[in-house]
1. Trypsin sites (Lys or Arg not before Pro), restricted to the stretch 103-177: which are DSSP loop and have at most 14 other Cβ atoms within 10 Å?
2. Only Cα pairs under 8 Å and at least 6 apart count here; give the relative contact order of the stretch 1-147 as a rounded whole percent.
3. Pull up the cross-link candidates among the lysines for Lys137, meaning alpha carbon to alpha carbon under 24 Å and not fewer than 8 places away within one chain.
4. Residue by residue, what Karplus-based ³J(HN,Hα) values in Hz, rounded to whole numbers, does the stretch 88-105 have, using 6.51, -1.76 and 1.60 with θ = phi - 60° and x for Gly and Pro?
5. When a/c is below 1.5 the answer is rounded, else prolate if a/b is larger than b/c, else oblate, so apply that to the chain with a ≥ b ≥ c taken from the square roots of the Cα gyration tensor eigenvalues.
6. What do you reckon, how do Ile15, Ile162 stack up by accessible area (1.4 Å probe), largest on top?
7. Tilt of helix 186-200 relative to the longest C-alpha principal axis of the chain, in degrees (0 to 90, nearest 10)?
8. Which of rounded, prolate or oblate describes the stretch 70-188 when judged by the alpha-carbon gyration tensor and an a/c cut-off of 1.5?
Amino acid sequence: MFTGIIEKTAKVVNIEQEGTNFHFTLEVDFADELAIDQSMAHDGCCLTVVKVDKEKKQYVVTAMTETMQKTCLGQWKVGTEVNVERSMRMDGRFDGHIVQGHVDQTAICSKVVDENGSWRYYFTYDHENAPSITVPKGSISINGVSLTVVDSEKGMFSVAIIPYTHEVTNFHNFQPGTVVNIEFDVFGKYVQRLMEQYMAK
(Lines give C-alpha, C1' and ligand atoms only; values in the text may rest on other atoms or scores of the structure.)
Protein backbone atom coordinates (compact mmCIF):
# COMPACT_ATOMS: atom_id res chain seq x y z
CA MET A 1 0.00 0.00 0.00
CA PHE A 2 1.29 3.44 -0.96
CA THR A 3 0.21 7.07 -0.72
CA GLY A 4 1.43 8.55 -3.98
CA ILE A 5 3.86 10.89 -2.21
CA ILE A 6 7.15 10.35 -4.04
CA GLU A 7 10.24 10.09 -1.83
CA LYS A 8 12.95 10.36 -4.46
CA THR A 9 13.73 9.65 -8.08
CA ALA A 10 15.98 6.65 -8.67
CA LYS A 11 18.17 6.15 -11.73
CA VAL A 12 18.22 2.95 -13.79
CA VAL A 13 21.87 1.87 -13.99
CA ASN A 14 21.56 -1.62 -15.50
CA ILE A 15 18.99 -3.83 -17.23
CA GLU A 16 19.35 -7.60 -17.67
CA GLN A 17 16.92 -10.01 -19.29
CA GLU A 18 16.63 -13.57 -18.02
CA GLY A 19 14.09 -15.59 -19.98
CA THR A 20 10.95 -13.45 -19.96
CA ASN A 21 11.97 -11.58 -16.81
CA PHE A 22 13.77 -8.26 -16.65
CA HIS A 23 16.07 -7.38 -13.77
CA PHE A 24 16.43 -3.64 -13.20
CA THR A 25 19.26 -2.23 -11.11
CA LEU A 26 18.47 1.20 -9.72
CA GLU A 27 20.47 3.72 -7.74
CA VAL A 28 19.00 5.89 -4.98
CA ASP A 29 20.50 7.50 -1.90
CA PHE A 30 18.39 5.49 0.60
CA ALA A 31 19.27 2.09 -0.92
CA ASP A 32 21.30 1.24 2.20
CA GLU A 33 18.04 1.32 4.17
CA LEU A 34 16.31 -1.24 1.93
CA ALA A 35 15.85 -4.94 2.62
CA ILE A 36 15.27 -7.94 0.39
CA ASP A 37 11.53 -8.75 -0.05
CA GLN A 38 10.60 -5.11 0.57
CA SER A 39 7.86 -3.67 -1.68
CA MET A 40 8.49 -0.39 -3.47
CA ALA A 41 6.50 1.57 -6.01
CA HIS A 42 8.43 2.38 -9.20
CA ASP A 43 6.58 4.89 -11.39
CA GLY A 44 3.53 3.60 -9.52
CA CYS A 45 4.26 -0.10 -10.14
CA CYS A 46 4.78 -2.23 -7.03
CA LEU A 47 7.99 -4.29 -7.37
CA THR A 48 9.88 -6.43 -4.85
CA VAL A 49 13.48 -5.71 -3.91
CA VAL A 50 15.48 -8.88 -4.67
CA LYS A 51 19.05 -7.64 -4.11
CA VAL A 52 20.70 -4.72 -2.32
CA ASP A 53 24.23 -3.32 -2.69
CA LYS A 54 24.47 -0.88 0.22
CA GLU A 55 27.96 0.34 -0.67
CA LYS A 56 26.96 1.33 -4.22
CA LYS A 57 23.54 2.59 -3.06
CA GLN A 58 21.93 0.25 -5.58
CA TYR A 59 19.22 -2.39 -5.54
CA VAL A 60 17.56 -4.79 -7.98
CA VAL A 61 13.90 -5.44 -8.78
CA THR A 62 12.43 -7.96 -11.22
CA ALA A 63 9.53 -7.45 -13.61
CA MET A 64 7.76 -10.34 -15.32
CA THR A 65 5.96 -10.42 -18.67
CA GLU A 66 2.59 -9.26 -17.30
CA THR A 67 4.21 -6.21 -15.72
CA MET A 68 6.22 -5.36 -18.83
CA GLN A 69 3.13 -5.56 -21.04
CA LYS A 70 0.81 -3.44 -18.89
CA THR A 71 3.19 -0.72 -17.73
CA CYS A 72 5.74 1.69 -19.16
CA LEU A 73 8.66 -0.30 -17.74
CA GLY A 74 9.41 -1.65 -21.22
CA GLN A 75 10.52 1.86 -22.15
CA TRP A 76 13.03 2.15 -19.33
CA LYS A 77 16.67 2.32 -20.35
CA VAL A 78 19.93 3.02 -18.55
CA GLY A 79 19.70 6.57 -17.24
CA THR A 80 15.88 6.64 -16.95
CA GLU A 81 14.66 8.63 -13.95
CA VAL A 82 12.05 6.69 -11.94
CA ASN A 83 9.69 7.89 -9.20
CA VAL A 84 10.06 5.69 -6.13
CA GLU A 85 8.11 5.35 -2.89
CA ARG A 86 8.52 2.83 -0.11
CA SER A 87 5.39 1.23 1.31
CA MET A 88 3.22 3.28 3.63
CA ARG A 89 4.06 3.37 7.34
CA MET A 90 1.21 2.76 9.77
CA ASP A 91 2.54 5.24 12.34
CA GLY A 92 2.50 8.36 10.19
CA ARG A 93 0.11 10.81 8.57
CA PHE A 94 -1.72 9.60 5.50
CA ASP A 95 -0.95 12.10 2.74
CA GLY A 96 -1.94 11.66 -0.90
CA HIS A 97 -4.52 8.93 -1.46
CA ILE A 98 -4.68 5.12 -1.37
CA VAL A 99 -2.39 3.82 -4.12
CA GLN A 100 -2.11 0.05 -4.44
CA GLY A 101 0.83 -0.04 -6.82
CA HIS A 102 -1.29 -2.08 -9.25
CA VAL A 103 -1.04 -0.18 -12.52
CA ASP A 104 -4.31 -0.29 -14.46
CA GLN A 105 -2.88 0.71 -17.83
CA THR A 106 -0.69 3.23 -19.55
CA ALA A 107 -1.63 6.69 -20.79
CA ILE A 108 0.03 9.07 -23.23
CA CYS A 109 0.87 12.66 -22.45
CA SER A 110 -0.89 14.65 -25.17
CA LYS A 111 -0.10 18.23 -24.15
CA VAL A 112 1.89 20.22 -21.60
CA VAL A 113 0.87 23.81 -20.83
CA ASP A 114 3.12 26.17 -18.89
CA GLU A 115 0.75 28.24 -16.74
CA ASN A 116 3.37 30.66 -15.39
CA GLY A 117 3.95 29.09 -11.99
CA SER A 118 2.38 25.69 -12.52
CA TRP A 119 1.99 23.21 -15.34
CA ARG A 120 -1.11 21.53 -16.80
CA TYR A 121 -0.56 18.06 -18.22
CA TYR A 122 -3.13 16.39 -20.48
CA PHE A 123 -3.30 12.61 -20.93
CA THR A 124 -5.24 10.26 -23.18
CA TYR A 125 -5.90 6.60 -22.49
CA ASP A 126 -7.78 3.59 -23.84
CA HIS A 127 -11.16 3.67 -22.11
CA GLU A 128 -12.70 0.83 -24.13
CA ASN A 129 -10.69 -2.19 -23.00
CA ALA A 130 -10.07 -1.60 -19.30
CA PRO A 131 -12.05 -0.48 -16.24
CA SER A 132 -11.39 3.21 -15.86
CA ILE A 133 -12.97 6.30 -14.39
CA THR A 134 -11.90 9.85 -13.66
CA VAL A 135 -13.95 12.68 -12.20
CA PRO A 136 -13.08 16.35 -11.69
CA LYS A 137 -11.36 16.82 -8.31
CA GLY A 138 -11.03 13.04 -7.99
CA SER A 139 -7.75 11.23 -7.33
CA ILE A 140 -5.47 9.51 -9.81
CA SER A 141 -1.93 8.15 -9.67
CA ILE A 142 0.39 9.00 -12.57
CA ASN A 143 3.78 7.28 -12.43
CA GLY A 144 3.04 6.80 -8.75
CA VAL A 145 2.30 10.46 -8.04
CA SER A 146 -0.95 11.16 -6.20
CA LEU A 147 -2.73 13.92 -8.13
CA THR A 148 -6.09 15.62 -8.42
CA VAL A 149 -7.97 15.44 -11.72
CA VAL A 150 -8.77 18.85 -13.24
CA ASP A 151 -10.47 18.11 -16.57
CA SER A 152 -12.21 14.80 -17.13
CA GLU A 153 -13.67 13.49 -20.38
CA LYS A 154 -14.03 10.04 -21.89
CA GLY A 155 -10.52 8.79 -22.56
CA MET A 156 -8.88 12.06 -21.44
CA PHE A 157 -8.00 13.92 -18.26
CA SER A 158 -5.68 16.65 -17.08
CA VAL A 159 -3.80 17.41 -13.87
CA ALA A 160 -2.04 20.51 -12.55
CA ILE A 161 1.48 20.31 -11.18
CA ILE A 162 3.05 22.72 -8.69
CA PRO A 163 6.78 23.60 -8.96
CA TYR A 164 7.77 21.27 -6.11
CA THR A 165 6.19 18.22 -7.77
CA HIS A 166 7.63 19.26 -11.12
CA GLU A 167 11.11 19.34 -9.61
CA VAL A 168 11.21 16.26 -7.36
CA THR A 169 9.40 13.78 -9.65
CA ASN A 170 10.03 12.76 -13.25
CA PHE A 171 7.20 15.01 -14.47
CA HIS A 172 9.84 17.49 -15.63
CA ASN A 173 10.81 14.91 -18.27
CA PHE A 174 7.28 14.54 -19.68
CA GLN A 175 6.50 15.84 -23.14
CA PRO A 176 3.82 15.05 -25.73
CA GLY A 177 4.16 11.35 -26.52
CA THR A 178 5.57 10.29 -23.14
CA VAL A 179 4.00 7.02 -21.94
CA VAL A 180 3.11 6.86 -18.24
CA ASN A 181 1.59 4.41 -15.77
CA ILE A 182 -1.83 5.25 -14.38
CA GLU A 183 -3.77 3.77 -11.48
CA PHE A 184 -7.37 4.90 -11.14
CA ASP A 185 -8.84 5.55 -7.72
CA VAL A 186 -9.61 2.20 -6.09
CA PHE A 187 -12.95 3.39 -4.67
CA GLY A 188 -14.03 4.67 -8.07
CA LYS A 189 -13.21 1.29 -9.64
CA TYR A 190 -15.35 -0.56 -7.10
CA VAL A 191 -18.26 1.83 -7.62
CA GLN A 192 -17.94 1.47 -11.38
CA ARG A 193 -17.98 -2.35 -11.16
CA LEU A 194 -20.99 -2.37 -8.83
CA MET A 195 -22.90 -0.02 -11.13
CA GLU A 196 -22.09 -2.17 -14.16
CA GLN A 197 -23.42 -5.27 -12.36
CA TYR A 198 -26.52 -3.37 -11.25
CA MET A 199 -27.26 -2.03 -14.74
CA ALA A 200 -26.79 -5.49 -16.27
CA LYS A 201 -29.69 -6.91 -14.21
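1. Details: sites: Lys111, Arg120, Lys137, Lys154; in loops: Lys137, Lys154.
Counting only loop positions with at most 14 other Cβ atoms within 10 Å, the trypsin sites (Lys or Arg not before Pro) in the stretch 103-177 are Lys137, Lys154.
2. Computed value for the stretch 1-147: 31 percent relative contact order.
3. Lys111, Lys154, Lys189
4. Ordered by residue, 3J(HN,Hα) equals 5, 7, 8, 10, x, 6, 9, 8, x, 8, 5, 10, 7, x, 9, 5, 7, 5 Hz.
5. Details: a/c = 1.62, a/b = 1.40, b/c = 1.16.
Prolate is the answer for the chain, as a/c is 1.5 or above and a/b outweighs b/c.
6. Details: Ile15 55, Ile162 100 Å².
Reading off the accessible areas and sorting them downward yields Ile162, Ile15.
7. 40
8. Working: a/c = 1.15, a/b = 1.06, b/c = 1.09.
Note, shape of the stretch 70-188 comes out rounded.
The values are calculated or read from the model by the stated rules, or taken from the named source; none is laboratory data. Keep in mind that this is a model prediction, so the values were computed, not measured. For neighbour counting, all protein chains shown are included, and Cβ atoms are generated from backbone atoms with ideal geometry for every residue, glycine included. Protein only, heavy atoms only, side chains kept; ligands, DNA and RNA dropped before computing areas. Shrake-Rupley method; radii C 1.70, N 1.55, O 1.52, S 1.80 Å.
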